[in-house]
Amino acid sequence: MGEIKLSSDEFLHMMLVDGSFIIQLLRDLSKNNFDEVPSLSRWNNVEQVPYLSRWMLPTIRRELIMLENQLPLFVLNKLFELTDNTLVPSQPCMSLNDLAFKFFYRLLQSDKSPECKKDYEFEIKHVLDLLRSNIRFKSGGKDKRGNQKQMIRSITELTEAGVKIKAADKNQELLDISFEKKWGVVMRELTIPRLHISDHRGTVFRNMVAFEKCHKRCYPDVTTYMFFFNRLINSANDVAILHYKDVLHHSLGNDQHVAELINDITKEIVPDMNESYLHKVVNEANEYFGTRYAKSRASLVRHYLTSWTVGISTLGAILALYFTFLQTICGFADALKKNSLQSPTFGSIIKEAFVLPFRDGLNSLASKTFRFRHTRKP
């Protein structure tokens with residue numbers, strides 16, 4: 001951060017002007033479901049001031065949520081109390097926390113925002129911290145966090161190993177991820193809440209990660225969450241799988257752009273593996289991936305079922321092997337029937353069913369090879 005070339009009075013004046021703008025913006029937006037401001041005319045006593053355009057709101061949200069643009073929440077609360085002249089007495093005025101959360105939550109989800117929390121583990125510093133604290137894992141506390149041994153595997157690797165990917169219910173919190181058994185002890189299911197990705201949302205997560213790295217009195221839950229997705233997504237194919245499973249939605253140009261955006265959020269950042277709220281999920285997923293069943297299944301899918309053409313070829317080979325087995329059984333039955341009138345031995349039956357057909361095949365192959373060599377032109 002560069003040097004602030006303002007005097008104390010100038011810096012105070014700047015905070016008052018910016019804070020008053022934020023307070024009035026939130027109040028006006030609350031009357032229109034945070035879609036547009038009714039009018040700006042009463043701000044400067046000028047008639048017929050144009051409306052705040054709808055396209056400007058995402059940009060304003062994005063600028064106000066950046067870490068370098070944060071105002072202390074106690075300053076905003078004081079201005080909110082000093083200017084609390086409820087214009088509609090029949091409607092109780094929401095608190096500043098409620099207004100700010102409903103406004104900034106649109107950066108993460110476009111639908112209706114959940115209720116703002118009332119109790120927090122630590123004092124909220126600013127609106128970025130307010131948004132981060134409301135989407136954090138609901139079962140907070142140091143006892144819920146632990147050591148994460150390794151990073152999780154990619155979506156492609158997990159699905160090859162038999163892990164089912166499922167989108168969580170809409171009421172489930174954004175960071176609430178689970179890994180559970182499915183269909184007994186064989187299959188596993190990874191449940192992930194829906195995530196919407198855009199350039200603006202990438203900015204929000206990037207600033208949350210920066211705040212958690214700068215502030216010592218907060219748990220790195222959003223950082224852990226972003227590292228989780230960073231390892232899940234290694235390619236455009238991983239993005240496509242998550243999109244097909246209704247877990248990941250985006251408004252970017254292509255899946256590769258999404259993969260690059262998510263990977264860039266945690267670029268040059270060291271994860272805190274000792275305070276991971278996802279340590280159980282990741283450790284259990286990696287433990288399952290290391291089982292003999294998961295490795296065998298992944299190897300089978302990777303080598304024989306990578307595409308529909310390879311799958312058809314594999315099916316054809318299996319059918320050929322199946323019919324060969326049936327032919328062998330039929331040959332064994334014929335040999336047994338042929339020797340039924342005599343007193344056959346087990347060795348003679350095996351010779352009749354397996355050795356003689358194999359010897360005849362070799363003789364036929366040798367004969368064809370001999371004819372081919374002697375009929376070639378020199």
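The values are calculated or read from the model by the stated rules, or taken from the named source; none is laboratory data. Only a predicted model underlies this, so the values are computations on that prediction, with no experimental measurement involved. Cβ sites come from the backbone with ideal geometry, for glycine too, and all protein chains shown count toward neighbours. For accessibility, only protein heavy atoms count, side chains too; no ligands or nucleic acids. Shrake-Rupley method; radii C 1.70, N 1.55, O 1.52, S 1.80 Å.
If you plug the beta carbon distance of Ala320 and Lys267 into 1/(1 + (r/R0)^6) with R0 = 56 Å, you get a FRET efficiency near 0.65. Taking amide H positions as modeled 1.01 Å from N, with prolines and chain starts lacking one, the residues under 5 Å from Arg188 and 5 or more places away or on another chain are Lys164, Lys182.
Note on Glu180 and Asn286: their simple-model spin labels are 2.4 nm apart, each label 7 Å out from Cα toward Cβ. Ordered from highest to lowest accessible area with the whole protein assembly present and a 1.4 Å probe, Phe74, Phe101 read as Phe74, Phe101.
Taking a ≥ b ≥ c as the square roots of the Cα gyration tensor eigenvalues, with a/c under 1.5 meaning rounded and otherwise prolate when a/b beats b/c, else oblate, which class fits region 266-306?
Since a/c reaches 1.5 but b/c is at least a/b, the shape of region 266-306 is classed as oblate.
Shape of region 218-300 from its Cα gyration tensor (a ≥ b ≥ c, root eigenvalues): rounded if a/c is under 1.5, otherwise prolate when a/b > b/c, or oblate?
Here region 218-300 falls in the oblate category.
Computed extension length for Leu12-Thr328: 104.5 nm, one decimal, from 0.36 nm per residue of separation with the Cα-Cα distance subtracted. Given a 1.4 Å probe and the protein chains as shown, Glu212 ends up with an accessible area of around 10 Å². When nucleic acids and ligands are ignored and a 1.4 Å probe is applied, Leu190 ends up with an accessible area of around 0 Å². Largest to smallest in accessible area, the residues Met14, Met273 fall in the order Met14, Met273 (1.4 Å probe, all protein chains included). Multiplying each eigenvalue of the alpha-carbon gyration tensor of region 237-278 by 5 and taking the square root yields semi-axes of 24, 14, 7 Å, largest first, rounded to whole angstroms. Heavy-atom accessible surface of Arg201, to the nearest 10 Å², is about 30 Å², with a 1.4 Å probe and all protein chains retained.
Checking the a/c ratio against 1.5 first, then a/b against b/c, what shape does the Cα gyration tensor give for region 136-251? Since a/c reaches 1.5 but b/c is at least a/b, the shape of region 136-251 is classed as oblate.
Ordering Ile318, Ile241 by accessible surface, largest first, gives Ile318, Ile241; the 1.4 Å probe counts only protein heavy atoms, with every chain in place.
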